[in-house]
Amino acid sequence: MAKLPKPEQLSKVEYKLPGKRWMNTPVEFKEGMYCNGTRPDYLETVDFPNPRKWAPSDEDWKLPENWKEIVLNGMKERLEKYRSFRLFMDICVRCGACADKCQFYLGTGDPKNMPVLRAELMRSVYRRYFTASGKMLGKLAGGRELTLDVLKEWWYYFYQCSECRRCSVFCPYGIDQAEITMIGREILNLLGLNTDWIAGPVANCYMKGNHLGLEPHTIKSNFEFMVDDIEEITGIKVEPSFNRKGAEILFVAPSGDMFGDPGTFTCMGYMMLFHELGLDYTWSTFASEGGNFGSFTSMEMGKRLNYKIYAEAKRLGVKWIIGGECGHMWRVVNQYMDTWNGPADFLEVPVSPITGTRFENAKSTKMVHIAEFTADLIKHGKLKLDPSRNDHLKVTFHDSCNTSRGMGILDEPRYIIKNVCNHFYEMPEDTIREKTFCCGSGSGLNAAENMELRMRGGFPRANAVKYVQQTHGVNMLANICAIDRAALPTLMNYWVPGVDVAGLHELVGNALVMKGEKERTQDLRLEDLPEKEGAENV
Amino acid sequence: METKLKDILREKKPAILKRWFDVVMETYPAEAAGFYKGAKNRFTGPVGYTIHEGIDGLIDGLINEVPFEELSPLLDSIIKIRAVQKFSPSQAVAFIFHLKKIASEEVENVSSAHSAIDAATLSTFESKIDDLALTAFDLYMQAREKINELKVEEAKNMVYRLIQRQNQLYEMQGQGPKIETLNLK
């Protein structure tokens, strides 16, 4: 009989520490932890360098012969251009405060996912080539040669960071690891080293205005489904307009809300709210994407994609802009839009036509977050709400990284939820607001091929949801981000079955009492409201 | 299970828990294991916490002969983690078998009681651990199948309205099949 291995032999995983230090240990590409490489046509569409077929697992990445020169020149240019980048390369004292704050490190246990070490992958090269001590002393001064293995390591780990900035909240120097990742990716893109999942939406957005590359007639006909559903639920036919010149407000939402579930229920909520207010607004089928995967690629690409929002606002002659529930769209608007494509002098400082509130915080970008807009309406008693219509939901709120840490929208969504729902429960303090855990799929990591990475990176978030599920019976995870709405259902389904995911304005739409509506028996998902079950048959 | 064995196991539980946890941690790279072992806060060290709490509950459950259905969620919480950590199926579940060795060694160490626990009694306890291992394998398979199912579901959800629209067009043209009815799962 063949000799069977004993359990202790079976479970023994060979994890001998490498004989070499981390600097000299080549990266191992583990399946499920990285996304596919970009196909060439996506890069060609936006005139990005080095389009070719390649796979990260290939030995040969088909790089230009002078790749090293390109990378070092790229670093040099950015060190001169961004004072923050040079500062972040110089000032880390390796105190380790960030190490256990990264959900990818918490979930994977891979030391190179500690923010300090992720940055060190690039810092070591910075020291070697851009500091006097590193040039002279090399390794002794913490410098290392830029080799192909180092480049591959950059690609592997800069695409395992969701640019969530949780680490920067805890860094005593305020080093923004997200910016290091962004610049790392930007440099990699000089060699055509992007992921398919990011480059595809970028190319589509560039050509057609949205991630899926959908054209105006498709967008419009998709809205008809939602309009029909709203009519079935409320008896009211809302009439959204598209590309309407002379409207007061341009509304820009993530395209995920137009096509993907559960985002479409959020989209229905937007339309119901605007209809009830009689708001003079229009959608644009060209600026049909609030999301900006360009910002996961390079500053320049982010700027190119962002441009369409102001261009459309100008073309349509609107006065100001409302933005929907999107995460990184707001990071872009809040941090970059004004200097990229502003100032938008042709627009007016946003003033709510319903409450008269002047949104001073948006006086430069002229763009108001819908949570701010709605919270203001509720504060002024302008909405009739029946929160009992959400009584079948026990809600908790996931702060999206970008809106919480990227722009400080913390209280408006909570204020709205408390007004439209009777059952709201916070997750533990260390896991919400500025310290919120990432969904594990941000910054273009929400592909299918890296599902293991996403499940591991999202585990700390899911774990906190599980806690409120166990203690309060929470069954709905609300959020204000389209990537959350795409990625969190998967995360919940794996780790915390029984918890569903909803955008904030889906909950608003459920609670909103509209003039002339019929008695509601269904929520926006066309599911029977518990107490109204079978009411129509009585 | 004999009361005497239960008493010994209860007395030895802290040692058994520590050894078993250490064995599970040994299946991780040294740096990760060090971190998981040190960080057992429920929210800021969820992997270490979940595994520790899970095996703690499993040991109690086995000693107190808790029905398997109640133990399954505890085991599931550990297996789900290991199912996305690049272990082979055998590596993911093998830690269960270690409990046999650890428990029997701890029982043997109680020298005065040693003679009192016969092999048959111990074997009954050990076969419960075998059952646990079989359950672990089922749970591992469920988790992996779930991951694959979720990939498909997510792809469908992202374009839900487009699929709906496509289906309506097919219906209008009297054509099939509907995309939803395609065997995507």
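Just so it is clear, none of the values below were taken in a lab; they were calculated from the coordinates. Remember, it's a predicted structure, so these values are computed and weren't measured experimentally. Don't worry about glycine lacking a Cβ; one is built from the backbone with ideal geometry, like all the others, and counts go over all protein chains shown.
Cross-link reach is defined here as a Cα-Cα straight distance under 18 Å, omitting same-chain residues fewer than 8 places apart; for residue A:220 the lysines meeting it are A:208, A:237, A:245. Here the spin labels are modelled as points 7 Å beyond Cα on the Cα-Cβ line, and at residue A:220 and residue A:339 they lie 4.0 nm apart. With each label modelled as a point 7 angstrom along the Cα→C-beta vector, the residue B:173-residue B:153 pair spans 3.1 nm.
In percent, what relative contact order does chain A have, based on Cα pairs under 8 Å that are 6 or more apart in sequence? Don't jump to the answer; show the numbers that get you there.
Values: 987 pairs, mean separation 86.3, N = 538.
So the answer I get is 16 percent.
Given the C-alpha centroids of segment A:246-266 and segment A:486-525, what is the distance between them in whole angstrom? Computed from Cα coordinates, the inter-centre distance equals 15 Å.
Annotation for segment A:324-362 versus segment A:131-179: alpha-carbon center distance of 33 Å. Comparing B:44, B:27, B:135 in a Gaussian network model of chain B, where Cα atoms under 10 Å apart are tied by springs, the biggest mean-square fluctuation is seen for B:44.
Just need the relative contact order of chain B here, percent rounded to a whole number, with Cα pairs under 8 Å and 6+ apart. Please report the intermediate quantities before stating the final value.
Working: 139 pairs, mean separation 42.2, N = 185.
Value for chain B: 23 percent.
Computing FRET efficiency as 1/(1 + (r/R0)^6) for residue A:55 and residue B:118, where r is the C-beta to C-beta distance and R0 is 60 Å, gives about 0.50. In straight-distance terms, cross-link reach from residue B:12 covers every one of the lysines whose alpha-carbon lies under 29 Å from its own, apart from those fewer than eight places away in the same chain; here that gives A:6, A:12, B:4, B:37, B:40, B:80, B:100, B:101, B:128. Using R0 = 56 Å, the C-beta based FRET efficiency linking residue A:81 and residue B:68 works out to 0.35.
Under 5 Å between amide hydrogens, built in the peptide plane, is the criterion, and for residue A:513 it picks out A:384, A:385, A:386 among residues at least 5 positions away or on other chains.
Taking the helices alone, chain A has a mean residue ellipticity at 222 nm of -12500 deg cm²/dmol, built from -39,500 (n - 2.57) per DSSP H run of at least 4 residues and averaged over all its residues. Projecting the Cα atoms of B:21, B:38, B:78 onto the charge dipole of segment B:1-83 (Cβ charges, centred on the Cα centre) puts B:38 farthest toward the positive pole. Relative contact order for segment A:24-194 using alpha-carbon pairs under 8 Å, separation at least 6, rounded to a whole percent? Relative CO of segment A:24-194 lands at 28 percent. The calculated 222 nm mean residue ellipticity attributable to helices in chain B amounts to -25500 deg cm²/dmol, summing -39500 (n - 2.57) over DSSP H runs of n ≥ 4 and dividing by all residues.
A DSSP coil position with no more than 11 other Cβ atoms inside 10 Å describes none of the chymotrypsin sites (Phe, Trp or Tyr not before Pro) in segment B:6-71. Taking amide H atoms as placed 1.01 Å from N in the peptide plane, the amide H of residue A:368 lies under 5 Å from those of A:321, A:322, A:323, each 5 or more residues away in sequence or on another chain. When you filter the GluC sites (Glu not before Pro) in segment A:362-432 for DSSP loop state and at most 16 other Cβ atoms inside 10 Å of their Cβ, you are left with A:426. Residue separation of residue A:66 and residue A:355 scaled by 0.36 nm, minus their Cα-Cα distance, works out to 98.1 nm of gained length. Between residue A:424 and A:395, the built amide H atoms are under 5 Å apart, and every one of these is 5 or more places off in sequence or on another chain. Label-to-label distance, residue A:531 versus residue A:242, with points set 7 angstrom from Cα along the beta-carbon direction: 3.9 nm. Charged neighbours of residue A:306, selected by a Cβ distance under 15 Å, balance to +2 (K, R count +1; D, E count -1).
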